Each structure stands twice: as C-alpha cells, then as structure tokens.
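Working notes, beginning with the structure itself.
The values are calculated or read from the model by the stated rules, or taken from the named source; none is laboratory data. Please read all numbers here as calculations on a predicted model, not as lab measurements. Cβ: placed from backbone, ideal geometry, glycine included. Neighbour counts: every protein chain shown. SASA here: full protein model, heavy atoms, side chains in, ligands and nucleic acids out. Shrake-Rupley method; radii C 1.70, N 1.55, O 1.52, S 1.80 Å.
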Amino acid sequence: MHKCSPFCSSFKEKRLTHGVLVGSLLAAFTISIVFKSYFCTQLSALHIQSQSSMDAAENQFMMFKDAGLLQELVEESTSAKSIFNACDCEPISNYCEINGDVAVQGNSSTISMVSLRTGIPAGEISWTVKPYVRKENAAAMDLVKSWAVTSMEFLHCDLIQTVPAILFSLGGFSGNHFHDFSDLVIPLYITSRQFNGEVQFVVTDNRHWWISKFRGILAKLSRYNIVDIDQERKTHCYPSMIVGLKYHHELGIDQSKSQLSMKDFRQFLRRTYSLKRAKAIKIGDDARKMPRLLIITRRKSRSFTNIDKITRVASSLGYNVVTMEPNISTSLGSVAETVNSCDVLMGIHGAGLTNMVFLPDNAIVIQIVPLGSIDELAKQDFEQPAMDMELRYLEYKIKAKESSLISKYKADHLIIKDPLSVHKQGWDAVRSVYLDKQNVKLDVKRFRPTLLKALQLLHQ
C-alpha cells in the first residue's frame, strides 16, 4: 500500500520542478474545490426544494461541522469566490469536479481528497452524492448508491493512476433504451469528450450487460479499462476526478452549454459503428431506389395490432418496408446498421424511437402519439431531439377509435374523453393506463396522408 502525503509521492515527481509556487497555488486551489462543491450543492438543494421534492433533496446532502469556520473562509477567500462564480451547478444531474489528488475506496463508497493547508481539519467537511442525472426523481435515485466525499490529511493509495477519472452510476433507469442514451450515453459523451480518451471510467451500481451492450461506444471515449469500483478492495488514486455526468436535456446537447452538438454525437456514432450513410435518400436522384421505411414494433404494450395492413399500404405508396423489434439483448451494432439504412422511421411513442440517433441526416421520424394527452412528453422526448439531430419530424395523433382502450371503456368514460383527469392522479396513473395498457390499430386511410407527406419531404 502507498501512503501519500498531502503532496502525494505518487504525483511528486511530476510536480517538484514547479517548486514552492505550485505548492501555494495548489493549497489555494484545494480550498476552491471545497467551495465549488459547497455552493453547487447548496444551490442544487434550493432548486430541488423549489420543486417540492424532499426525497430528491436528500439525494445530495452536505454537512459542515463548523459553520463559523465556513463563513470565515467564504468572506476571506478570493479563491473561493472566483470558483463560486464559475461553478457549474447542474439543475438535474449530481455533478462535481475535484481537481486535486483523489482516492476512491469501493468497499466504503468513499471519495477522499487531500486537505492540504486549507485551514480546515481533515474530515471537517463532508457531503454525499449519488452520481446519476435525475436527482429530482426519487424512483431513479432509490436505485443509485450514495458516495461520501471527504477531505483527508493524506491519501492511502494501492493503485495510482496517471489519468483523470469519471465516476458514474449504472443504476437509475438503465435498461430502458431511451434512458440508456438520455441519462447515460449522451451525458457521458458530453462529460468525457474533452479528455480525448485519456480518462478512466469508474462505475458504481455496475450492470455487466450494459457494459457489454455499449462497449463500442465506451471504448471510443476511454482508452482504459473500466473499473467496477463496487467490487474493488484496493484504493484507486487519481490526479483529478469528475463525479457524476453532465446532463442538458432529454436526448440532447445544449450548444449554449457545450462546444459539442448532437450533430457531433451522431457523427461519433457513425464512426463507432462504421455506418455508411450520412444523408437520407433524395427521391429523384435515382429512380430505381425506393425509400426504406422502418417500423419499430413492440410486443407488450403500445404495439400495432394491424402491422400487416400498415405494411401493405406503405408498400403500395412506394416504400420498401422493414420492421424491427429490438430488445435488451439485441446487438446495438446491428440495430445501428439497420436504422442507418432507412430513410423514414416510425413508431408509437416509446423507447424504440431512441434509435433515430442512427438515422442519416434529413431522414424522417414519424411519432405515433397514443391516447392520453401526452403531447408535451412526446415533444420533449422525441420531437425536439429529432430537430436537434437535423432530422425531419412528423406526428400522428390517434383518435379514440384507434386505441385499444375503446374496447375496455365506453366513449364517455373519463379515461377516453378526459385524459387530463387521469393526469391529476399522478404520473403512475398516466403510465399505467396510457402507456402500459394501450395498443394501437391505425386507421390506415387516415394515416395515409402522413406517409405521403414523408415522401414529399424526401423529394426536397
């Protein structure tokens, strides 16, 4: 075992040449680390509480044993103030940067940083964090392990790494294809791309199947082995660490917050999976080519009950129709290749539409919105992301007669005529009725103009 002093021996060789000046700067910087975390946590707690989510507020809790000492340091430290101004507080994700020597102990779920000469005794400041994005969602956070972050006079290191680390959880809503991309893959891309592969991923709440499914993407973002930290008995030490992932919005990247874009992300996916098509077909360029329409099918809920009829109508209009029902065991590479070969993707609101990330530019997404007044959800999850991805978007809202719910409830039942009354009962009621227990029988005559509109767009 290595015992590292505040100027940890593992990092000493690369720092000695910088002399005493670096030592003093490093001390000031460590103070800034403490206050960056303090201010971000306090502001995040206020944000959470404003949403009346006490459960979520408990997911990020900080404890200061000496409030007087804290106040004194806030007033006297210009370093702390400057870091506060630059603090990257994330309203949705638990996120913290520690730019100093860090030790990670998996068996105790503890992250320790060197206290140096901050004037704060070791262990005087500590907080806990759950490194997952949806900190306001109690259901997600119940599936995420808490990590304690504290300061120490020196670090004990069993394994010393020379590159930074990103620690994040594979708990939460992982396993749902939409959340896999929205909560994990895209945030990981945003957070790690700056390192150009020179970063190690440290995962908690590991899901081995998740690592296997996304191995191609992970390998492009980091050149190092993934550490399953919960299973580690040895203490890993890093020169710096990011705890948690940056999250902007559903299935997307906010360019006002990042130099990256969804265009960059989609190009990254094409390179990762060697996808051949960058642009969708333009009808007229080659009269022999038929536009390919991919219909995402589902088995348990929100499934098409007349898929054969939909296929026949689409084929009669000139589409080459392909159907796909991906599941958790389907190779992501094969899904990416199939989707990229198509010009139009259609499906009922659900995780399968997430695969639009693999479509070529200018392709078309058709979202079938089921009964239930979920228009805002449909817009947030897929309409806006599609436009950010340089895709064309069409929407088809079904009528009550196209919903399987009409066979369970009379036309004047509140579930049919007033879905908002169900919304008042909360999200669980909405999900149970309109997402988990509804299938769709498309009125192909009514849907035909939507397919024609997609063809029209492919001529442009």
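Quick rundown of the values:
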| quantity | calculated |
| --- | --- |
| Order by protection proxy (mean Cβ within 10 Å, highest first), peptides 166-175, 222-231 | 166-175, 222-231 |
| Whole-number accessible area per residue in Å² for region 362-460, which is evaluated in the context of all protein chains at 1.4 Å | 51 Å² |
| Span from the region 189-243 Cα centroid across to the region 272-308 one, whole angstrom | 34 Å |
| Region 284-459, accessible surface, carbon-and-sulfur percent (1.4 angstrom probe) | 49 percent |
| Computed over region 126-192: relative contact order in percent, which uses C-alpha pairs under 8 Å that are six or more apart | 35 percent |
| Burial ranking of peptide ranges 289-297, 212-220, 149-157 (average Cβ count within 10 Å, highest at the top) | 289-297, 149-157, 212-220 |
| Fraction of antiparallel bridges per DSSP, region 284-459 only, in percent to nearest 5 | 5 percent |
| Cα-Cα separations in region 284-459 greater than 22 Å, expressed as whole percent | 44 percent |
| Percent accessible area from carbon and sulfur atoms, region 151-255, protein chains only, probe 1.4 Å | 44 percent |
| Globularity ratio of region 85-247, using Cα Rg and 2.2 N^0.38 Å | 0.99 |
| Residue-normalised accessible area of region 85-247, given per residue in Å² at a 1.4 Å probe | 34 Å² |
| Unsatisfied cross-links (Cα-Cα over 18 Å) in the set LYS130/LYS234; LYS399/LYS441; LYS213/LYS234 | LYS130/LYS234; LYS213/LYS234 |
